[in-house]
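The values are calculated or read from the model by the stated rules, or taken from the named source; none is laboratory data. Keep in mind it's a predicted model, so treat the numbers as computed, not measured. Please note: Cβ atoms are built from the backbone with ideal geometry, for glycine as well, and neighbour counts cover all protein chains shown.
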Amino acid sequence: MGLRIDRKKDKRVVHACTHNLADIPNGVTVCSADLVAGGVLQEGTVIGKDEAGLFHAVKTARVTEAATNAATSYKVAKGHHFKKGDFVMLKVGGKAYAVTGIDSSEATHDTITVGTTLGEAVKVGDALVEAKAQAASGAAFKYKPKAMTGDGYDVEALNNHFVTAVTIGQFKESVIPAVSDDIKAALPGIVLI
């Protein structure tokens, strides 16, 4: 077995978490299987727990261009972890449909296409959120939000990530992944400034 050296370049980091008042003791393990390898699990990413006790990112994507209630394609900021086949919704209780394609050829944004319209007009800054299953109504979170990550982590394929899970704290909303009103309601201990 030889020596392994990874070369990385440091970059300036703007921290999102301004106050961590309570977290899950000893941290939690976040599954990397549903994340995009080579990407970043950003500080302030919402996480939820599955039945086995393993945590998962609650995938979201920030909309960068308004869309009508008949749209099936949504322009979103880069850095999301959606993959083809994931289900997306705009709000809990609404519609949820599968992602049929993701066009990442543009430098400024990705375009997420869903099989059927989500049935609601979307404003700039709104969040597409991962849903549990396809639904014409009654969409629900795939993983109920429990905490936010207290730091950023590089996503490596086949490596689960040990993270700080903040349950009561303050975050800068402008530098964390998109959060919907439903996520805010599910995390009463998190204050966004």
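Here is how the numbers come out for the structure above:
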item	result
Residue satisfying all of: in region 156-190; over 22 Å from Arg12 (Cα atoms) and without any contact (Cβ under 8 Å) to a residue 24 or more places away in the chain; surrounded by the most Cβ atoms within 10 Å (Cβ to Cβ) among these	Lys184
Residues being within 11 Å of the chain's Cα centre (by Cα) and of a type in the set (A, V, I, L, M, F, W, C) - total across region 42-57	3
Exclusive hit being of a type outside the set (D, E, K, R) and in the same structural domain as Ser174 (by TED's automatic domain parsing), set Ala147, Ala136, Ala107, Ala121	Ala147
Residue count for region 151-168, restricted to those that are modelled with pLDDT under 95 and part of a loop (DSSP other than H, G, I, E, B)	8
Qualifying positions in region 37-92 - in contact with a Gly (Cβ under 6 Å, 6 or more places away or on another chain) and crowded, with 23+ Cβ neighbours inside 10 Å	Glu43, Val58
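Yes/no per residue for (1) in contact with a strand residue (DSSP E or B) (Cβ under 9 Å, 6 or more places away or on another chain); (2) surrounded by 14 or more Cβ atoms within 10 Å (Cβ to Cβ); (3) among the charged types (D, E, K, R); (4) without any contact (Cβ under 8 Å) to a residue 60 or more places away in the chain:
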site	(1), (2), (3), (4)
Thr116	yes, no, no, yes
Lys123	yes, no, yes, no
Val129	yes, yes, no, no
Lys132	yes, yes, yes, yes
Ala136	yes, no, no, yes
Thr149	yes, yes, no, no
Asp154	yes, no, yes, no
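Quick grid of which residues meet (1) more than 12 Å from Gly44 (Cα to Cα); (2) among the small types (Gly, Ala, Ser):
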site: Thr100; (1), (2): yes, no
site: Ala127; (1), (2): yes, yes
site: Glu130; (1), (2): yes, no
site: Gln134; (1), (2): yes, no
site: Gly150; (1), (2): no, yes
site: Tyr153; (1), (2): no, no
site: Phe162; (1), (2): yes, no
site: Val175; (1), (2): no, no
